[in-house]
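A short write-up of the structure that comes next.
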Amino acid sequence: MPSEQIQWFPGHMAKTRRMISENLKNVDVVIEILDARIPHSSRNPEITRLIENKPSLIILNKSSLADPAQNKLWQEYYSTANTSCILVDCLSGEGLSKILPAIKGLLHDKLERYESKGMNRRIYAMVLGIPNVGKSTLINKLSGSKKAKVENRPGVTRDKQWFSTGIGLDIMDMPGILWPKFEDRTVGENLALTGAIKDDVVQIEELAMAYCNRMRILYPQLLATRYKLGEAESFADMTDYELLCYIGKKRGFLISGGEINTERTADMLLDEFRAAKLGRITLDRITE
């Protein structure tokens, strides 16, 4: 998939960068949400630069869709002296109870100073992340409301919003922010596969071929089992396009003359990956 097909930088994202810089002084901690299926690809390097030394909590969201072994490795990788990392599933609520203790751990000295002065001040947090990573779902779970817009498409939140929670935490939600240019083609493909980039700005069939390539390397048995492809060795030497067609044939996606409907096959592959129909998959890998 040519990289220029997934280069975009809408004007509202440039505005978001300015908003982050201007409002950072108003919060105690930054909550950065990543997609556990792509913990590297979903981490905007600009956010790291923008927040500088502000204490931060990294949430690996959608962790129930990701490979458990990789979840553990990425959690260890992102945990540092000034950053905590926890596994969460915002839809089910799994792991949400870990958020406040993790933040209090990061702000331990600051909170102790407030307490010594008899101050019981609320904690202010800024929530950041790429589009469609689950920020609004998280906020709605914590605030017990449905005030934050939740849609399964990027680019929904366009301005900062404040939300109160019942756990002593006030949250500033920022719009999702992507970066101006994907230097690594794999990063752009991973973002497109998980829906962080709108489907109408990518070539779906080429994206599906990239997905076939990843799966044949990382999870060949899951691919073989789901689409009844036989032993993994039977498709190991196929090109990505041949593998796409093979899956389409197995699913019976045929058009006139016995030709494979590759567009329908591609749509199905992306839908089933995003719905975790093949199992728990992590596309960004750490090797033990």
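Table for the structure above
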item: Breaking point among (1) crowded, with 17+ Cβ neighbours inside 10 Å; (2) at pLDDT below 85; (3) over 18 Å from R18 (Cβ atoms), for I123; result: (2)
item: Which numbered condition Y219 misses (of (1) closer than 23 Å to D199 by Cβ; (2) out of contact with any Phe, Trp or Tyr (no Cβ under 9 Å at 6 or more places or on another chain); (3) surrounded by fewer than 19 Cβ atoms within 10 Å (Cβ to Cβ)); result: (3)
item: Scan of the range 212-245 for residues that are part of a helix (DSSP H, G or I) and among the small types (G, A, S), ordered by number; result: A224, A232, S234
item: Single residue of S97, S116, S136, S143 found to be closer than 30 Å to N190 by Cα and surrounded by fewer than 22 Cβ atoms within 10 Å (Cβ to Cβ); result: S97
item: Those residues of the range 246-284 which are surrounded by fewer than 16 Cβ atoms within 10 Å (Cβ to Cβ) and assigned to a loop (DSSP other than H, G, I, E, B), in sequence order; result: G252, I255, E259, A275, A276, K277, G279
item: Those residues of the range 68-81 which are modelled with pLDDT of 90 or more and out of contact with any Leu (no Cβ under 7 Å at 6 or more places or on another chain), in sequence order; result: P68, A69, Q70, K72, L73, E76, Y77, Y78, S79
item: Residue within the range 34-51 that is free of Cβ contacts under 8 Å to residues at least 60 places away in the same chain, surrounded by fewer than 17 Cβ atoms within 10 Å (Cβ to Cβ), in the same structural domain as K110 (by TED's automatic domain parsing) and part of a helix (DSSP H, G or I) present; result: yes
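Every residue, every condition in (1) outside any helix (DSSP H, G or I); (2) over 19 Å from L34 (Cα atoms), yes or no:
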{"residue": "L91", "(1), (2)": "yes, no"}
{"residue": "L100", "(1), (2)": "no, no"}
{"residue": "K104", "(1), (2)": "no, yes"}
{"residue": "Y114", "(1), (2)": "no, yes"}
{"residue": "A125", "(1), (2)": "yes, no"}
{"residue": "L128", "(1), (2)": "yes, no"}
{"residue": "L138", "(1), (2)": "no, no"}
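The values are calculated or read from the model by the stated rules, or taken from the named source; none is laboratory data. The structure displayed is predicted, hence computed values, not measured ones. As a convention, Cβ positions derive from the backbone with ideal geometry for all residues, glycine included, and neighbour counts pool all protein chains shown.
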